[in-house]
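The values are calculated or read from the model by the stated rules, or taken from the named source; none is laboratory data. Quantities reported herein were computed from a predicted structural model and do not represent experimental measurements. Glycine gets a Cβ as well: all are built from the backbone with ideal geometry, and neighbour counts include every protein chain shown. For the accessible areas, the whole protein counts, side chains as well, though only heavy atoms, and no ligand, DNA or RNA atoms are used. Shrake-Rupley method; radii C 1.70, N 1.55, O 1.52, S 1.80 Å.
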Amino acid sequence: MTNEIKPPLWILLELTHKCPLECSYCYNQLDFTNTKDAMSKTDWFRVMDEARDMGAVQLGISGGEPLLNKDLVEIVEYANNKKFYTNLITSGVGAPKGIVQKLKDAGLKTVQLGIQSHDRNTMTLITNNKNSYDEKIAFAKEVKEAGLQLIINTCITRQNIHQVGEIIEFADELGGNYLEIANIQYYGWALKNINALLPTQEQLDEAKKVTDFYRSKEKAMKVFFVVPDYFADRPKACMNGWGTTFLTINPDGIALPCNTANTLPLEFPNVKDFSIEQIWNESHAFNYFRGDSWMNPTCASCDEKEKDFGGCRCQAFALTGDMNEADPVCSKSDFHHVVTDKVQESLATTDAKIWYRNRKNSLELTT
Ligand code: FES
């Protein structure tokens, strides 16, 4: 495997980890309240300048909930002037009046909106916010009226997997250009809640069948079906390989090769201390999993290592305690039983408490 460093293509700005929703499948760390909003708009501007100079072209803006950042319109405008292709990843909840048109005028290209269900009660159950249904639907309508591209993202768990057919119809009615049926991956809060969230293999197969049936009708809305790790026997090529494509900056200014990398025992640099070029090319953390010299013998000798790069580092660490291990989703991993045991335990559990992602639960779980 080559160690050649190509520039980052896709930058994600996490403007805040505050969020009006409390989804139990959130990938954020359990101690997310420790992440402060430490980046000013000029800090974000400098990050964009430096990333664009290196060749980055895609810019995602997310959170938490990015609509909570008062400088959002200016940040989008700056990105647009730099000729980034901009994507706002949002819950659509708590949106200031008229913001969608302002974002459109600032040059925003795409909105990725989370819609968890066509059904009000299910939406409230999943988000723990009783206003979420009305606010999301109103936001989707504003996006369409403004002429922006609408990507609807539906995170799938045991709570809504039986609704996939209705959700597809609903997304179509809302005018979605794309729908992502995203079977969730189990990180952060989702891993904490796995016993309440994981669906069965049969439910997954049925959801896939329903999705394929819709696709066969060749409608305008494209539907993607993201397969969950826990029912696979080979890992995903997480982030297209560590430090190859993707760079995220969290609200503290910490630069990360994936959204959850700061769960790993590595020291990640802050954009306030280093340039994006220094971080990407020279930092210990971004170089750590490039190439294959870090791999243990299972991955190093595997003829599929160029395909999946040993799988997800965050998942390996979360499930084995060793970030250099093969991703235990892989059936060749010595720890594959951790995944299969978790699946069995989850499916046998019918009364698991749901830990909503909020400050109170965060403090209870981490202090
Ligand atoms: Fe961090 Fe996969 S999510 S490497």
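Filtering segment 220-244 down to residues that are closer than 21 Å to Lys208 by Cα and of a type in the set (Gly, Ala, Ser), which residue is surrounded by the fewest Cβ atoms within 10 Å (Cβ to Cβ)?
Start the filter on segment 220-244 by keeping residues that are closer than 21 Å to Lys208 by Cα, which leaves 220-236.
Imposing the further condition that a residue be of a type in the set (Gly, Ala, Ser) reduces the set to 220, 232.
Numbers: Ala220: 8, Ala232: 15.
Per the stated criteria, the residue is Ala220.
What's the number of the condition Val100 fails, among (1) closer than 22 Å to Asp273 by Cα; (2) touching an Asp or Glu at 6+ places or on another chain (Cβ under 7 Å)?
Failing condition for Val100: (1).
Search segment 88-102 for residues being more than 20 Å from Met123 (Cα to Cα) and in contact (Cβ under 8 Å) with a residue 40 or more places away in the chain, and hand back the single one that is farthest from the chain's Cα centre (by Cα).
Gln101
Counting just the residues of segment 259-296 that are more than 16 Å from the ligand (Cβ to nearest atom) and hydroxyl-bearing (Ser, Thr, Tyr), which one comes out farthest from Ala190 (Cα to Cα)?
Ser275
So which residues in segment 167-190 are under 17 Å from the mean Cα position of the chain (by Cα) and surrounded by 19 or more Cβ atoms within 10 Å (Cβ to Cβ)?
Scanning segment 167-190 gives Leu179, Glu180, Ile181, Asn183, Ile184, Gln185, Tyr186, Tyr187, Gly188, Trp189, Ala190.
When you scan segment 91-112, how many residues do you find that are in contact with a strand residue (DSSP E or B) (Cβ under 6 Å, 6 or more places away or on another chain) and under 14 Å from Ala138 (Cβ atoms)?
Count: 3.
Take the residues of segment 33-85 that are hydroxyl-bearing (Ser, Thr, Tyr) and open to solvent by less than 30 Å² (accessible area, probe 1.4 Å): which is modelled with the highest pLDDT?
Ser62
Based on what the data block shows, is Ser346 of a type in the set (Gly, Ala, Ser) and either surrounded by 20 or more Cβ atoms within 10 Å (Cβ to Cβ) or in a helix (DSSP H, G or I) (or both)?
Yes; evaluated as a whole, the condition is true for this residue.
Among all residue pairs at least 6 apart or on different chains, which show Cβ distances below 6 Å where the first residue, located in segment 45-67, is farther than 25 Å from Asn28 by Cα and the second is open to solvent by 10 Å² or more (accessible area, probe 1.4 Å) and at pLDDT below 95?
Note: no pairs meet the criteria.
When you scan segment 210-237, how many residues do you find that are assigned to a helix (DSSP H, G or I), among the charged types (D, E, K, R) and either under 13 Å from Ile156 (Cα atoms) or touching a helix residue (DSSP H, G or I) at 6+ places or on another chain (Cβ under 9 Å) (or both)? Even if it seems obvious, please write down each step before you answer.
Start the filter on segment 210-237 by keeping residues that are assigned to a helix (DSSP H, G or I), which leaves 210-216, 229-231.
Now drop any that are not among the charged types (D, E, K, R), which leaves 212, 215, 229.
Among the residues that remain, those that are also either under 13 Å from Ile156 (Cα atoms) or touching a helix residue (DSSP H, G or I) at 6+ places or on another chain (Cβ under 9 Å) (or both) are: 229.
Within segment 210-237, residues that are assigned to a helix (DSSP H, G or I), among the charged types (D, E, K, R) and either under 13 Å from Ile156 (Cα atoms) or touching a helix residue (DSSP H, G or I) at 6+ places or on another chain (Cβ under 9 Å) (or both) number 1.
What number of residues within segment 307-339 are surrounded by fewer than 19 Cβ atoms within 10 Å (Cβ to Cβ), more than 26 Å from Glu267 (Cα to Cα) and not basic (Lys, Arg)?
Number satisfying all stated conditions: 5.
Suppose we filter segment 308-332 for residues that are within 15 Å of the ligand (Cβ to nearest atom) and either out of contact with any Leu (no Cβ under 7 Å at 6 or more places or on another chain) or on the phi > 0 side of the Ramachandran plot (or both); how many remain?
Restricting attention to segment 308-332, the residues satisfying the condition of being within 15 Å of the ligand (Cβ to nearest atom) are 308-320, 322-330.
Remaining after also requiring either out of contact with any Leu (no Cβ under 7 Å at 6 or more places or on another chain) or on the phi > 0 side of the Ramachandran plot (or both): 308-312, 315-316, 319-320, 322, 324-327, 329-330.
Going through segment 308-332 one residue at a time, the tally reaches 16.
Which pairs have Cβ atoms under 6 Å, sit 6 or more apart or on different chains, and link a residue in segment 246-273 that is more than 18 Å from Gln58 (Cβ to Cβ) and touching a residue at least 60 places away in the same chain (Cβ under 8 Å) to one that is among the basic types (Lys, Arg) and within 13 Å of the ligand (Cβ to nearest atom)?
As it stands, the answer is none, since no pair meets every condition given.
Just to be sure before I move on: is Lys217 away from the ligand (no atom under 14 Å from the Cβ), touching a residue at least 12 places away in the same chain (Cβ under 8 Å) and surrounded by fewer than 21 Cβ atoms within 10 Å (Cβ to Cβ) in the structure I sent?
no
Quick one: which helices (runs of 4 or more DSSP H) sit completely within segment 6-125 and have at least 2 residues that are under 22 Å from Asn270 (Cα atoms)?
41-54, 72-81
Check segment 290-305 and report whether any residue there is basic (Lys, Arg), over 28 Å from Thr33 (Cβ atoms), open to solvent by 20 Å² or more (accessible area, probe 1.4 Å) and not in a loop (DSSP other than H, G, I, E, B).
yes
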